[in-house]
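S.K.: Mind looking over this structure? Questions follow.
The values are calculated or read from the model by the stated rules, or taken from the named source; none is laboratory data. Quick caveat: nothing in here was measured; it's all calculated off a predicted structure. Note: ideal-geometry Cβ built from the backbone for every residue, glycine included; neighbour counts use all protein chains shown.
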Number of protein chains: 2
Amino acid sequence: MVKSDIEIAQASPMRVITEIAAKAGIANDAIEQYGNYKAKITFAGLNELEKRDDGKLILVTAINPTPAGEGKSTVTIGLGDALNQLGHQAMIALREPSLGPVMGVKGGAAGGGYAQVLPMEDINLHFTGDLHAITTANNAIAALLDNHIHQGNDLNIDPRRIIWKRVVDLNDRQLRQIIGGLGSPINGVPREDGFDITVASEIMAVFCLATSLDNLKARLAKIVVGYTYDRGPVTVGDLEIAGAITALLKDALKPNLVQTIEGTPAFIHGGPFANIAHGCNSVLATKAALKAADFTVTEAGFGADLGGEKFLDIKTRELAKHPDAVVIVATVRALKMHGGLAKTDLEAENITALQAGFANLNRHIDNIKQYGLPVVVAINEFVTDTAAEIQALTDLLVTKQVAFSLTQVWAKGGAGGLDLAEKVVAATREASEFNYLYALTDSIPEKIKAIVTKIYGGASISFSKKAQTQMTAFEKQGWSNLPICMAKTQYSFSDDQTLLGAPEGFDITIRELVPKLGAGFIVALTGDIMTMPGLPKKPAALNMDVDNLGNISGLF
Amino acid sequence: MVKSDIEIAQASPMRVITEIAAKAGIANDAIEQYGNYKAKITFAGLNELEKRDDGKLILVTAINPTPAGEGKSTVTIGLGDALNQLGHQAMIALREPSLGPVMGVKGGAAGGGYAQVLPMEDINLHFTGDLHAITTANNAIAALLDNHIHQGNDLNIDPRRIIWKRVVDLNDRQLRQIIGGLGSPINGVPREDGFDITVASEIMAVFCLATSLDNLKARLAKIVVGYTYDRGPVTVGDLEIAGAITALLKDALKPNLVQTIEGTPAFIHGGPFANIAHGCNSVLATKAALKAADFTVTEAGFGADLGGEKFLDIKTRELAKHPDAVVIVATVRALKMHGGLAKTDLEAENITALQAGFANLNRHIDNIKQYGLPVVVAINEFVTDTAAEIQALTDLLVTKQVAFSLTQVWAKGGAGGLDLAEKVVAATREASEFNYLYALTDSIPEKIKAIVTKIYGGASISFSKKAQTQMTAFEKQGWSNLPICMAKTQYSFSDDQTLLGAPEGFDITIRELVPKLGAGFIVALTGDIMTMPGLPKKPAALNMDVDNLGNISGLF
């Protein structure tokens, strides 16, 4: 019988976190323990690390996700373990999970099989409280904003033009659209409102791009929360609460250190959406890993067109360091779906579908090469893959002249990724000349055009009347020199989630732009992006339990 | 210039928390560190403590609070420090602060002056995340409940009869009354709803009365969240999520260990409202302190009529240990307000008002003696108190033949409470015969009558039509053998907050009863109790800031 992730995790002995910190050359007085197996790095500790040289950076991304699953986090963790098995000093930098999906449909989000980060129960539940601090900071802004209006509204804020929503770290569709302030004049000002899930908060994006507490405070002050009756932007700075909100985030901003099953040190810190935000773990954690290790393996959300593009065009600018190699994760199963198969038809061998679906992987490879970066394809093997399918896929990759490796990290941990690790190390030694997809000084439509034509393979862009008006207004406000954060379906290169594979000649509609001045990007919405998930008919929570000593069960 | 609380706190060196644990005889492997100065006791550690004998228990309570301030927490902390200075092994058990009031009007809530618990910034902000876990647990129940209705409503729940509200740990009047589920059928079921502040959640009360994780789970399962279309109660157990909700609370339930400025070990754990709930720190923390120390000093919320009565009639039953002595805190200033002075008139000496206001203290002394417990009055001195006022008050106490002591713990720490400590130790050695105010088998109206007539000094009770119907229904449900938790204004013995001093002959109206079956009590509402505070015109948050290394300022 196959063991579940939590069973494997609970059967794995953990080393005390001071030992893991020591492996990364981080002194005891540079960490604050959260129990025996979790720690945060102090700001003084980060300043100390800052003096060291950067190691190599490896970005793990993927083909467009499908319901068949790709295992990007699992490959990221397994690759880190494999690099350590080869004698390199490697670290992993990942996003931290949101509780909502854990309680809903997804279960755990800390890798899988023998490529997991521990303690998986804690990481999947409250961890060190970062998401709670972000929830609280977000909602404190909302409460202080509504209180400002209630208490006389000196800033002349138009309650109909507030764009700052409240958040909870749960899947709660009931809160998507509400009317608040009801009942009596002592209960505030009645207005339409709504809740997002915490990871969709701009605070999360700001948090993940901030380079220090001071930088965080400066970014928070710039967040636009709404508009005045005469249409001027109202910011967190205008409310005079940037200091208090930063104070609420002062511990959360310290990167969290944990370990893999094999004892590889891992930073797990921050986790913004990869559609309405940039989808990468914190800049501070990635920076710290780069300083502490010779090789840092990190990942970006969703596929290479969405999270990968944002890592390279948004996060890299703040990190001041580009990846030395990029791993693109693909599976036979997912490629067969991109080739037109339904999820129910995946068990049977189907070379034709696989070859058709290769078009998706093929375009992602070309896209990453456009940035001037070396690529290694990781084929994450599943037991259902047939030898003929694997052969067909490797034939295509040989023809493509791209480095690739078959990995079995789910089943074997680092031992299942040694070949991948060797190829990745070789790739980081290739000469590379990184270039951004666009210059910040390009106009907003020019930047969007670069992403749509060079990455998505689209033919044209339609801007709604609203988006056109906004572009003119943003230009006037001086907001046009920011990078673009595309909010698009993760399932397709296009804005139509049913167009799998590698669609061509399509038009992308930009419905609306959203200024995220704290994060420092302009979100371009291509459709309705769901920022508050719902729960399924049988939520994962129904299986969860805990015994009298605190041991969790039923968390998958 | 007088130093602020945060300045005094930040100038006080802290001992590492392992050293504090050792003082309490708690081994290193029985704690989980949260940074260097906070720790939680593991369940295995609690089981180990369970084998020891109980020390003496000292309950600190007060006269009815006034805007003049009484300093109950400050006296509790100073008394603990004083007991240690006298060579006793003492511990303190306090409630943990709610962030909402800290960001609003109140500022910090971790004692004051030289009688504080440290690190005060952490304790006042996120601490070890307990309140966030409770918020999440509360809101997960709400999301899972609304999802159940949305997904087909197998339990036949009437959306108009849901009594489970969502919570945030902020003062946010805008959320008091809302309509949720709006916009489209995919957004749930439109219904009236609202948010309370986290400390008003029944989860908080359950959490503070639970004796183990298993007991917590059993209590959570009993919580009534609403009613079916045929008026049957719907519980958390019916939703099949008691395991998941307990899992969310598994770390929070471990008591938090910190230290006072003088290094006295203190448990700070749980903090329910003292009107709609029982207003005491957790049973687990108090139990652990009793086992770890010779003297445990703890407090109850608001005055002796509200928090004190509930400590004795609700918490004591779960604790299986009654106080060995009760300290009643009073100040000259507050007694003058009870004697009829306005806050603006307190600076001038006024013996007449003081003597009139003594009636309030006098009744509280008699009340505690009814329970068969020794009383010591602590007069918490203020610099504005005149010698004649102090003399007048001590004359009254001498006449009353009650032990008393003048304390200066705010200014001097434990050294300002040595005389109090000696008198308290002597009191714990007096013979005492504790008896509850009522038997659990008394009927609901009998129990309410006991509290109103024996504690409040009221003459009669009026039950609303609704309350009468409820009493019959609760009797039928088998809920009538639970203790009563009175929800009454804290400012007066009566249900009219303007009646200060010691009013007599009044009637108390019981408007409504609320079954809190998880907590294990029936709340009797005597008026509108505000369960979601608002923010003032200039919230405390406007003063808060943090520097680049994480040092907080502006937290009072």
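S.K.: Here are some residues: A:Gly152, A:Gly180, A:Gly129. Which one is within 10 Å of chain B (Cβ to nearest Cβ), on the phi > 0 side of the Ramachandran plot, modelled with pLDDT of 95 or more and touching a helix residue (DSSP H, G or I) at 6+ places or on another chain (Cβ under 7 Å)?
M.R.: Going through A:Gly152, A:Gly180, A:Gly129 in turn, the sole match is A:Gly129.
S.K.: Collect the residues in the stretch A:332-361 that are under 13 Å from A:Glu389 (Cβ atoms), of a type in the set (S, T, N, Q) and exposed (fewer than 14 other Cβ atoms within 10 Å of the Cβ), keeping them in residue-number order.
M.R.: A:Thr352
The rows are residues; the columns are (1) more than 25 Å from B:Asn28 (Cβ to Cβ); (2) in a helix (DSSP H, G or I).
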| site | (1), (2) |
| --- | --- |
| A:Glu32 | no, no |
| A:Tyr37 | no, no |
| A:Lys40 | no, no |
| A:Glu48 | yes, yes |
| A:Ile58 | yes, no |
| A:Thr61 | yes, no |
| A:Glu70 | yes, no |
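S.K.: If you go through the stretch B:164-173 one residue at a time, do you hit one that is surrounded by fewer than 23 Cβ atoms within 10 Å (Cβ to Cβ) and at the interface with chain A (Cβ under 7 Å from one of its Cβ atoms)?
M.R.: Checked the stretch B:164-173: no residue is surrounded by fewer than 23 Cβ atoms within 10 Å (Cβ to Cβ) and at the interface with chain A (Cβ under 7 Å from one of its Cβ atoms).
S.K.: Being in a helix (DSSP H, G or I) and either of a type in the set (D, E, K, R) or over 27 Å from B:Ala205 (Cβ atoms) (or both) is true for just one of B:Ala133, B:Ala82. Which residue is that?
M.R.: Of the residues listed, the single one that is in a helix (DSSP H, G or I) and either of a type in the set (D, E, K, R) or over 27 Å from B:Ala205 (Cβ atoms) (or both) is B:Ala82.
S.K.: Sticking with this one: Would you please list the contacts, defined by Cβ atoms under 7 Å and residues six or more apart or on different chains, that run from a residue in the stretch B:227-249 that is within 15 Å of A:Leu555 (Cβ to Cβ) and within 11 Å of chain A (Cβ to nearest Cβ) to a residue that is modelled with pLDDT under 95 and in a strand (DSSP E or B)?
M.R.: If the second residue must be modelled with pLDDT under 95 and in a strand (DSSP E or B), the pairs left are B:Ala247/A:Ile552.
S.K.: Separate question: Which residues, taken from the stretch A:125-147, are in contact (Cβ under 8 Å) with a residue 60 or more places away in the chain, touching a Pro at 6+ places or on another chain (Cβ under 9 Å) and not aliphatic (A, V, I, L, M)?
M.R.: A:Phe127, the sole residue that qualifies.
S.K.: Of these, A:Leu335, A:Leu346, which one is over 13 Å from the mean Cα position of the chain (by Cα) and at pLDDT 95 or above?
M.R.: A:Leu335
S.K.: Against the condition surrounded by fewer than 24 Cβ atoms within 10 Å (Cβ to Cβ), in a helix (DSSP H, G or I), more than 11 Å from every other protein chain (Cβ to nearest Cβ) and not hydroxyl-bearing (Ser, Thr, Tyr), how does A:Ala221 come out, does it pass?
M.R.: yes
S.K.: Failed condition for A:Glu192, given (1) under 20 Å from A:Ile529 (Cβ atoms); (2) buried (at least 20 other Cβ atoms within 10 Å of the Cβ), with all others met?
M.R.: (2)
S.K.: Looking at (1) assigned to a strand (DSSP E or B); (2) at pLDDT below 95, find the lone condition where A:Gly107 falls short.
M.R.: Here A:Gly107 meets the rest and fails (1).
S.K.: Turning to a different aspect of this structure: Tell me, which residue of the stretch A:231-256 that is over 19 Å from A:Phe521 (Cα atoms) and of a type in the set (Val, Ile, Thr) is surrounded by the fewest Cβ atoms within 10 Å (Cβ to Cβ)?
M.R.: Once the filter is applied, the top-ranked residue is A:Ile241.
S.K.: Within the stretch A:185-218, can you find the residues that are farther than 16 Å from A:Thr136 by Cα, among the hydroxyl-bearing types (Ser, Thr, Tyr) and more than 8 Å from chain B (Cβ to nearest Cβ)?
M.R.: A:Thr211, the sole residue that qualifies.
S.K.: Condition test on B:Thr228, is it over 22 Å from the mean Cα position of the chain (by Cα), of a type in the set (Val, Ile, Thr), more than 24 Å from B:Ala487 (Cβ to Cβ) and surrounded by fewer than 23 Cβ atoms within 10 Å (Cβ to Cβ)?
M.R.: Yes.
S.K.: Right, something else. Are any residues in the stretch B:24-42 among the hydroxyl-bearing types (Ser, Thr, Tyr) and either in contact with a Gly (Cβ under 6 Å, 6 or more places away or on another chain) or within 16 Å of B:Lys250 (Cβ to Cβ) (or both), and if so, which ones?
M.R.: B:Tyr34, B:Thr42
S.K.: Also: Considering only residues that are part of a strand (DSSP E or B) and polar (S, T, N, Q), look in the stretch B:269-316 and name the one that is surrounded by the most Cβ atoms within 10 Å (Cβ to Cβ).
M.R.: The extreme case among them is B:Thr296.
S.K.: Looking only at the stretch A:101-119, filter to residues that are within 13 Å of chain B (Cβ to nearest Cβ) and in contact with a helix residue (DSSP H, G or I) (Cβ under 8 Å, 6 or more places away or on another chain); which one of those is surrounded by the most Cβ atoms within 10 Å (Cβ to Cβ)?
M.R.: Looking at the filtered set, the residue picked out is A:Met103.
S.K.: Can A:Thr344 be described as in a helix (DSSP H, G or I), free of Cβ contacts under 8 Å to residues at least 12 places away in the same chain and farther than 23 Å from A:Asp419 by Cα?
M.R.: Taking the combined requirement at face value, the residue satisfies it.
S.K.: Taking B:Leu145, is it out of contact with any helix residue (DSSP H, G or I) (no Cβ under 6 Å at 6 or more places or on another chain), more than 10 Å from chain A (Cβ to nearest Cβ) and surrounded by fewer than 24 Cβ atoms within 10 Å (Cβ to Cβ)?
M.R.: no
S.K.: Can you name every residue in the stretch B:44-76 that is within 14 Å of chain A (Cβ to nearest Cβ) and in contact with a Lys or Arg (Cβ under 7 Å, 6 or more places away or on another chain)?
M.R.: Listed by number, the list holds a single entry, B:Glu50.
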